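This report concerns only the one structure given below.
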Amino acid sequence: MVAETMIVSGLSGRYAVALFELARDGESLDSVAADLQNLKSLMDESADLVRLIRSPVLTREEQGQAMDAVMVKAEFNDITRKFVGLVSKNRRLFSLGDMIDAFASLLAQHRGEISAEVTSARPLDDAQMAAISAGLAKAVGREVNVIASVDESLIGGLVVKVGSRMIDNSIRTKLQNLQLAMKGVG
């Protein structure tokens with residue numbers, strides 16, 4: 001357990017560790033993880049849900065009841081519902097997204113998985129994704145779960161994040177570095 005708590009810290013880390021231990025002991029890690037990913041997707045898609053979560057105007061009870069209604073509708077696991085209810089009761093919903101991310105990190109470490117975030121200027125096709133996965137697997141020595149995203153402001157190239165390491169090989173960064181170098185010359 002000590003190794004699991006080392007990768008998360010702060011408020012969100014403490015909550016995530018507690019939820020992870022409950023889900024592990026209840027043999028429902030997969031179910032809770034699926035619920036949390038679903039909740040994260042709902043938060044990404046709904047500005048109203050984000051306002052509900054971050055609202056200082058709503059009371060604990062109002063936030064808790066609204067969140068419970070969302071979770072009942074989505075058919076979430078009891079552990080997930082009780083966890084979010086506790087987070088709401090403690091007025092910590094503002095940190096729910098970070099808690100979900102910390103839980104995902106704990107789960108990946110528990111499963112022996114490594115995740116890499118790959119950001120490109122345009123969507124990558126299957127052949128490119130396979131090549132990136134193979135290259136990353138060779139570099140880190142085990143299978144890597146690649147999470148791809150698109151940021152058109154990169155112009156070209158890739159930004160790859162594996163754990164605490166980041167490789168920025170984007171044209172945007174190269175142009176920024178060239179601009180800084182040119183300012184130093186003049």
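Things to note:
- Residues satisfying the stated conditions in the range 26-40, i.e. among the aliphatic types (A, V, I, L, M) and surrounded by fewer than 16 Cβ atoms within 10 Å (Cβ to Cβ): Ala34
- From the list Val150, Val162, the one residue that fits, being farther than 26 Å from Gly10 by Cβ, hydrophobic (A, V, I, L, M, F, W, C), under 22 Å from the mean Cα position of the chain (by Cα) and not assigned by TED's automatic domain parsing to the domain that holds Leu42, is Val150.
- Subset of the range 41-77 [loosely packed, with under 12 Cβ neighbours inside 10 Å and not polar (S, T, N, Q)]: Asp44, Glu45, Ala47, Asp48, Arg51, Pro56, Val57, Glu61, Ala69, Val72, Lys73, Glu75
- Residue that is nearest to Val84 (Cα to Cα) [pool: residues in the range 46-64 that are part of a helix (DSSP H, G or I), in contact with a helix residue (DSSP H, G or I) (Cβ under 9 Å, 6 or more places away or on another chain) and of a type outside the set (D, E, K, R)]: Gly64
- Given (1) under 21 Å from Gly26 (Cβ atoms); (2) not assigned by TED's automatic domain parsing to the domain that holds Val17, number of the condition Ser105 does not satisfy: (2)
- All positions within the range 123-148 that are modelled with pLDDT of 90 or more, touching a strand residue (DSSP E or B) at 6+ places or on another chain (Cβ under 8 Å) and surrounded by fewer than 12 Cβ atoms within 10 Å (Cβ to Cβ): Pro123
- Those residues of the range 53-78 which are in contact (Cβ under 8 Å) with a residue 40 or more places away in the chain and out of contact with any Leu (no Cβ under 6 Å at 6 or more places or on another chain), in sequence order: Arg54, Phe76, Asn77
The values are calculated or read from the model by the stated rules, or taken from the named source; none is laboratory data. Being a predicted model, the structure only gives us computed values, none of them experimental. Note: ideal-geometry Cβ built from the backbone for every residue, glycine included; neighbour counts use all protein chains shown.
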